[in-house]
Amino acid sequence: MIFLGRKYKFAEFEQHILEKKFAKIETIVYRNQDQDEVFDKLETALEIREEKLLVINTKAELTDKIARLITKATVENKVQVLQIEEFMEIYLQKCYVPEVGELTDLKFLDGIKPFSAFKMVQKLVIDWLLCLPMLLCSLPLWLLAALKTKKESPGPVFFVQDRVGKNNKEFGCMKFRSMRVDAEKDGIKFASEGDTRVFKWGETMRKTRIDELPQLLNVLKGEMHLVGPRPERKFWTDQFDGEISSYASRHVVRPGITGWAQVKYPYGANAEDARQKLMYDLYYIKNWSIFLEIHTIYKTAAVILGKKGR
């Protein structure tokens, strides 16, 4: 596989994914390079590779000479050509979101719209078929969580916080409290791995997702789905909306207890992490299917059993 350009820089875990899929990966730097030298490198790469995939990963326009080379190779069936946006959806299951200052059109939002009536019926059936039994079966855990929280960290057992839902409307998102009562005495900030504000039992609840069990009530109330984008606080959505292209597009659907971004992306705590998670959220919205829903639930179960919750 050949990458022409470096518009999108792959994270280390993404590189590992691609290395498992492709025996040889070559990157040819394009922007601000001598075009004759780029042409020679690309021509050589196209000649020596057997099963070739060329990914156009540059912000700069291709020169006529290089475009003709690629066209000739395509016509002769020497290479399959994909734009970086297509490549990411197929091989990384995420939608490319432009960086700030890079946005020239809104094509990346094609297909990002509320679920159809038929899809909504399917999602509601899944929500009720899974969430109601989960709620009833987990009641002993609710009692355990309440007792251990009271013992380790005196204060309220439940933590209700306004989060942004569908159409940017806020709702009271319920959780078992996993941090000390004065967790935000120094201001609002993201939770992080090894966060000292989290008490011992709170850490266990976060890793096993026990802290999110009360959100089953949010699902049954119609404020959330079992699967969907993570509900964030307005403080963060306002900030990210100014830093990430069309961040609010994720709010065309209800948020979820778990989601494609949550099972695919490592723990995040800044704007770039939010942009990365948005790419997964948009892929989920654009490509929703029963299979993707079940696959997300399965991966969530694997995370919980492996105690890798975030």
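For region 294-302, the criterion of being open to solvent by less than 50 Å² (accessible area, probe 1.4 Å) and either closer than 24 Å to residue 107 by Cβ or not in a helix (DSSP H, G or I) (or both) is met by no residue. The listed residues are 299, 277, 234, and the only one of them that is of a type outside the set (Phe, Trp, Tyr) and within 13 Å of the chain's Cα centre (by Cα) turns out to be 277.
Taking each residue of region 202-225 that is open to solvent by less than 30 Å² (accessible area, probe 1.4 Å) and looking for partners that are among the basic types (Lys, Arg) and assigned to a helix (DSSP H, G or I) with beta-carbon atoms closer than 6 Å, six or more apart or interchain, yields 225/123. The residue of region 20-36 that is nearest to the chain's Cα centre (by Cα), among those that are polar (S, T, N, Q) and outside any helix (DSSP H, G or I), is 27.
Scanning region 226-235 for residues that are of a type in the set (D, E, K, R) and in a loop (DSSP other than H, G, I, E, B), we see that the one that is most open to solvent (accessible area, probe 1.4 Å) is 230. Kindly check whether there is at least one residue in region 101-110 that is open to solvent by less than 10 Å² (accessible area, probe 1.4 Å) and either touching a residue at least 12 places away in the same chain (Cβ under 8 Å) or within 27 Å of residue 249 (Cα to Cα) (or both). No, there is no match, as no residue in region 101-110 is open to solvent by less than 10 Å² (accessible area, probe 1.4 Å) and either touching a residue at least 12 places away in the same chain (Cβ under 8 Å) or within 27 Å of residue 249 (Cα to Cα) (or both). Just one of the numbered conditions (1) modelled with pLDDT of 95 or more; (2) among the charged types (D, E, K, R); (3) surrounded by fewer than 23 Cβ atoms within 10 Å (Cβ to Cβ); (4) not in a loop (DSSP other than H, G, I, E, B) is not true of residue 238: (1).
So for region 123-139 (the condition being part of a helix (DSSP H, G or I), of a type in the set (Ser, Thr, Tyr) and either surrounded by 12 or more Cβ atoms within 10 Å (Cβ to Cβ) or in contact (Cβ under 8 Å) with a residue 12 or more places away in the chain (or both)), does at least one residue qualify? No, because not a single residue in region 123-139 is part of a helix (DSSP H, G or I), of a type in the set (Ser, Thr, Tyr) and either surrounded by 12 or more Cβ atoms within 10 Å (Cβ to Cβ) or in contact (Cβ under 8 Å) with a residue 12 or more places away in the chain (or both). Residues in region 37-78 that are in a loop (DSSP other than H, G, I, E, B) and hydroxyl-bearing (Ser, Thr, Tyr) were compared, and the one that is surrounded by the most Cβ atoms within 10 Å (Cβ to Cβ) is 58.
Restricted to region 9-31, and to residues there that are touching a residue at least 12 places away in the same chain (Cβ under 8 Å) and hydrophobic (A, V, I, L, M, F, W, C), the residue that is nearest to residue 87 (Cα to Cα) is 18.
Residues of region 140-152 that are touching a Lys or Arg at 6+ places or on another chain (Cβ under 9 Å) and either without any contact (Cβ under 8 Å) to a residue 40 or more places away in the chain or farther than 21 Å from residue 204 by Cα (or both): none at all. Only one of the numbered conditions (1) polar (S, T, N, Q); (2) assigned to a helix (DSSP H, G or I); (3) modelled with pLDDT under 90 is violated by residue 15, and that is (3). For region 60-77, indicate whether the set of residues that are of a type outside the set (Ser, Thr, Tyr) and closer than 30 Å to residue 250 by Cβ is non-empty. So far as region 60-77 goes, yes, one or more of its residues are of a type outside the set (Ser, Thr, Tyr) and closer than 30 Å to residue 250 by Cβ.
Assessment of region 84-100 against the conditions (under 27 Å from residue 265 (Cα atoms), touching a helix residue (DSSP H, G or I) at 6+ places or on another chain (Cβ under 8 Å), surrounded by fewer than 17 Cβ atoms within 10 Å (Cβ to Cβ) and at pLDDT below 95) yields at least one matching residue.
The values are calculated or read from the model by the stated rules, or taken from the named source; none is laboratory data. As the structure is a prediction and not an experimental result, all values here were calculated from the model. Heads up, the Cβs are rebuilt from the backbone with ideal geometry, glycines too, and the neighbour counts pull from every protein chain shown. These area figures cover heavy atoms from the full protein model, side chains too; ligands, DNA and RNA do not enter into them. Shrake-Rupley method; radii C 1.70, N 1.55, O 1.52, S 1.80 Å.
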